[in-house]
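First comes the structure, then the notes that go with it.
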Amino acid sequence: MRIYLDNCCLQRPLDKQTQPRIRVETEAVFAVLAAVQAKDVTLCNSEFLLYEAGRIPDEARRAESLSMLSLANEFLGVTPAVETLALSLEEQGLGAVDALHLACASLARVDYFCTCDDKLFRKASAMAGLDCHVITLLNLVVEVSQ
């Protein structure tokens, strides 16, 4: 199984853990990363994830994000096809960065593009023609554990 965790998933363990949802999603990230380390799951990294991580102003958060990304088994680069699909996804209502992530994952035909951003999940789930399944962190944990 190949997965792409968007930046909000990678940041979840670094968020304040005061809300139950954030704590549960943090545990989900840890479970997914454990599956990656056990080689049960292939984590995909991308130029876009590295770019976003590199722009995190807090040094500790940036280092932790890059550490999580270092567990990736596969790297997805920028291609003209990714840029073209991203523009199409933007026209359908996604923000530019979200469109780039989703386009990259779709064209790489990952099994699951995972986000904990509710707005992105709703919009991306409704889009036809993607070559990956859009999934939430909690649902991804169910898939990973099967």
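Worth pointing out:
- For the stretch 1-71, the convex hull spanned by the alpha carbon atoms encloses 78 Å³ per residue.
- Cβ-to-Cβ counts within 10 Å put His133, His101 in ascending order as His133, His101, the fewest first.
- Computed over the stretch 2-145, Cα set: Rg, Dmax in Å: 14.2, 42
- Efficiency of FRET between Glu91 and Leu50 - r from beta-carbon atoms, R0 30 angstrom, step 0.05: 0.70
- Loop-located trypsin sites (Lys or Arg not before Pro) across the stretch 60-129 with a Cβ neighbour count of 13 or fewer within 10 Å are Arg109, with loop assigned by DSSP.
- Counting neighbouring Cβ atoms within 10 Å and putting the fewest first, the residues Val97, Val144, Val134 line up as Val97, Val144, Val134.
- Paramagnetic label reach from Asp131 (point 7 Å along Cα→Cβ; backbone nitrogen cut-off under 20 Å): within the stretch 59-100, residues 73-92, 98-100.
- By the beta-carbon count within 10 Å of each Cβ, the least crowded to most crowded order of Ser88, Ser145, Ser46, fewest first, is Ser145, Ser88, Ser46.
- Principal axis extents of the Cα atoms in the stretch 90-146, from largest to smallest and rounded to whole angstrom, are 36, 23, 18.
Only the coordinates and a few stated rules stand behind these numbers; no lab work does. The shown structure was predicted, so the numbers you read here are calculated from the model rather than taken from an experiment. Here Cβ is always computed from backbone atoms with ideal geometry, including for glycine, and neighbour counts include all displayed protein chains.
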